[in-house]
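The values are calculated or read from the model by the stated rules, or taken from the named source; none is laboratory data. On a predicted model such as this, the values are computed, not experimentally measured, just so you know. Cβ: placed from backbone, ideal geometry, glycine included. Neighbour counts: every protein chain shown. We work out accessible area using only protein heavy atoms, side chains counted, and drop any ligands, DNA or RNA first. Shrake-Rupley method; radii C 1.70, N 1.55, O 1.52, S 1.80 Å.
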Amino acid sequence: MGIHINPSILSADFADLTGELQRIRNADMAHVDVMDNHFVPNLTFGPPVVERIHAVSPIPLDAHLMIEDPDTWAPVYAEIGCQSVTFHLEAAAAPVRLARELRAAGARASVAVRPATPIEPLIDLLPEFDQVLIMTVEPGFGGQKFLDVCLPKIRRMREAISASGLDVMLQVDGGVSASTIERAVDAGANVLVAGSAVYGADDADAAIASLRATAERVAEH
Ligand code: DX5
Ligand code: ZN
C-alpha cells in the first residue's frame, strides 16, 4: 500500500496559484476542491480555472468535486486532464455509469462519502472504482477538526478493499495533520489530503516530507 500525499490548494493563495503549486512539487498530486455553493455552502472555481491550474501544475491533479449533478460535470474534469476525478456518492444519480465514463475519458474514477454516509453500498461496486474518499470533516471548508468518529468506517473500507483483492486506493480528506495522520493511516488510508497542514506551514516542502515519513512509518507496521 503506497503512501500518497496530496496537498489541498483550498488553503493556498488563490491570487498566486502558479507559485503555490510550485511549493508542493514534492507531493504526489495537487488536490483541487471544486465547490458549487449548492452541494456545500462554499464556492471555489469551475472547469476554466481548473484547466489553467492543470496547465501550470508540476504535478497531476486530484479533483474533488463537491458539486450537484456530477453526472453532467465530472467527465468535463477528466477531459480537461485531471488524473483523478472524485465525485460524491450523495450527489450522483448513476454512480456506476459515471465511473465508467470517467475511466473511458482517461481518469481514475473515485467516489467520496460525507461523514454520515455509509460505505456499505459501495462494497459490491468496488470493481468500478480506482479510489474511495472517506471525508473526515463535513465538506466545505479547510481548517476543520479531524472527525475521529470516521475511523471505524475507514477501517471497514480497508478490510473490504483487502477482501476484494482489488487495487483501490483509500483517500482521507479533512483535518489531516502531523497529529492525526497516524490514526488515518493506522485505520487503512493510503492517500492523505492535507490543506492547512501544508499551506499553513512556512516550509510546505518540509511539511509534505514530514507527513510522508510519518505515514510510511505507520504503514510499515
Ligand atoms: C474540505 C476539502 C478539503 C480541505 C482540507 O471540504 O474537501 O480538501 O481543503 O483542508 P484541511 O486539510 O485544512 O482540513
Ligand atoms: Zn477535498
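Brief remarks follow.
- Consider segment 1-57 and keep the residues that are within 14 Å of ligand 2 (Cβ to nearest atom) and among the charged types (D, E, K, R). The one that is farthest from the chain's Cα centre (by Cα) is ASP36.
- Residue that is surrounded by the fewest Cβ atoms within 10 Å (Cβ to Cβ), among those in segment 171-196 that are more than 15 Å from LYS145 (Cβ to Cβ), away from ligand 1 (no atom under 12 Å from the Cβ) and not β-branched (Val, Ile, Thr): GLU182
- Only one of the listed residues (SER11, SER110) is modelled with pLDDT of 95 or more and more than 30 Å from ILE123 (Cα to Cα). That residue is SER11.
- Residue list for segment 139-152, filter: out of contact with any strand residue (DSSP E or B) (no Cβ under 6 Å at 6 or more places or on another chain) and either away from ligand 2 (no atom under 16 Å from the Cβ) or touching a residue at least 60 places away in the same chain (Cβ under 8 Å) (or both): GLY140, PHE141, GLY142, GLY143, ASP148, VAL149, LEU151, PRO152
- Residue satisfying condition, being under 20 Å from ASP36 (Cα atoms), β-branched (Val, Ile, Thr) and crowded, with 21+ Cβ neighbours inside 10 Å, within set VAL85, VAL132, VAL76: VAL85
- Filter result for ASP167 (surrounded by fewer than 21 Cβ atoms within 10 Å (Cβ to Cβ) and either within 15 Å of the chain's Cα centre (by Cα) or within 29 Å of SER210 (Cβ to Cβ) (or both)): yes
- Where a residue in segment 168-195 is small (Gly, Ala, Ser) and its partner, wherever it lies, is more than 12 Å from ligand 1 (Cβ to nearest atom) and open to solvent by 10 Å² or more (accessible area, probe 1.4 Å), with Cβ under 7 Å and at least six apart: ALA178/SER210; ALA178/THR214; ALA187/LEU151; ALA187/ARG155; ALA187/ARG158; GLY188/ARG155; GLY188/ARG158
- Selection status of ILE67, touching an Asp or Glu at 6+ places or on another chain (Cβ under 9 Å) and within 13 Å of ligand 2 (Cβ to nearest atom): yes
- Residues in segment 140-162 include none that are surrounded by 14 or more Cβ atoms within 10 Å (Cβ to Cβ) and in contact with a His (Cβ under 8 Å, 6 or more places away or on another chain).
- Of the residues making up segment 68-96, just one is polar (S, T, N, Q) and more than 16 Å from the chain's Cα centre (by Cα), namely THR72.
For (1) within 16 Å of ligand 1 (Cβ to nearest atom); (2) of a type outside the set (A, V, I, L, M); (3) surrounded by fewer than 19 Cβ atoms within 10 Å (Cβ to Cβ); (4) at negative phi, each residue gets a yes or a no:
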position: ALA94; (1), (2), (3), (4): no, no, yes, yes
position: ALA109; (1), (2), (3), (4): no, no, no, yes
position: PRO115; (1), (2), (3), (4): yes, yes, yes, yes
position: ILE123; (1), (2), (3), (4): no, no, yes, yes
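- For the condition more than 27 Å from HIS38 (Cβ to Cβ) and either surrounded by 21 or more Cβ atoms within 10 Å (Cβ to Cβ) or without any contact (Cβ under 8 Å) to a residue 60 or more places away in the chain (or both), ARG103 does not qualify.
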